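Please read the structure below before turning to the comments.
The values are calculated or read from the model by the stated rules, or taken from the named source; none is laboratory data. Predicted model only: the values in this text are computed from it and were never measured. Here Cβ is always computed from backbone atoms with ideal geometry, including for glycine, and neighbour counts include all displayed protein chains. These area figures cover heavy atoms from the full protein model, side chains too; ligands, DNA and RNA do not enter into them. Shrake-Rupley method; radii C 1.70, N 1.55, O 1.52, S 1.80 Å.
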Amino acid sequence: KQAIDADGIDAHLAQDTSLQGRLQALTARAAIPTPEAKAEAWRLVVTEGALPNSQQQAAIAGFFRVHDDALVTPYSSRYFDAVTGVWTERTHELAQQIAVGLFPRAAQETVDAAQAFLDRLDPALSGLRRIVLERQDAARRAVRAQAVDAAAVQDTTAHTPEADR
């Protein structure tokens, strides 16, 4: 498959202007592997926040589709800075989509940032606390699994037939 850019997305959208076509275009735009595309998706979903449920979900679906985590890493701290405001200002459905869908990628830094966030979160925001706790737990498990995988790879490379000679 060949990568598609914004012009290609527009060309496809011109051929399919249905709701499904528009949703696919939003996902594809958010998935474009450039800082500008990620910034635009973040702006539409988090900063502006005017997309209907299905369109917001489509943009969120494309946001983390990257081969280079460096494109989304800057949004980890932005997530924790913005999610409380999103939670208190948006409808439950929209806020939950953002809180779950844009939770940062699994890394020890994410686990630590989530804990710092939880430590300062207003106890009255129990729904948001639950979501962040669940996502933090999933990130913690993923970090442990990544460590086990890395150790297994390291162990197999240390025991190659060439190393045993």
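Key figures
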quantity	calculated
Residue list for region 26-50, filter: assigned to a helix (DSSP H, G or I) and exposed (fewer than 14 other Cβ atoms within 10 Å of the Cβ)	P35, E36, R43, T47, E48
Test: A58 is assigned to a helix (DSSP H, G or I) and free of Cβ contacts under 8 Å to residues at least 24 places away in the same chain	no
Residue among V143, V153 that is more than 16 Å from Q97 (Cα to Cα), modelled with pLDDT of 80 or more and open to solvent by 60 Å² or more (accessible area, probe 1.4 Å)	V153
Single residue of T88, T156 found to be of a type in the set (V, I, T) and either touching a Phe, Trp or Tyr at 6+ places or on another chain (Cβ under 8 Å) or touching a residue at least 24 places away in the same chain (Cβ under 8 Å) (or both)	T88
Region 116-132 residues that are touching a residue at least 40 places away in the same chain (Cβ under 8 Å), paired with ones that are outside any helix (DSSP H, G or I) (beta carbon under 7 Å, 6 or more apart)	L128/L121
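Per-residue answers, yes or no, for (1) open to solvent by less than 40 Å² (accessible area, probe 1.4 Å); (2) touching a helix residue (DSSP H, G or I) at 6+ places or on another chain (Cβ under 8 Å); (3) more than 21 Å from N53 (Cβ to Cβ):
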| site | (1), (2), (3) |
| --- | --- |
| R90 | no, yes, no |
| Q96 | no, yes, no |
| V100 | no, yes, no |
| Q108 | no, yes, yes |
| A113 | yes, yes, yes |
| D122 | no, yes, yes |
| L128 | yes, yes, no |
| R135 | no, yes, no |
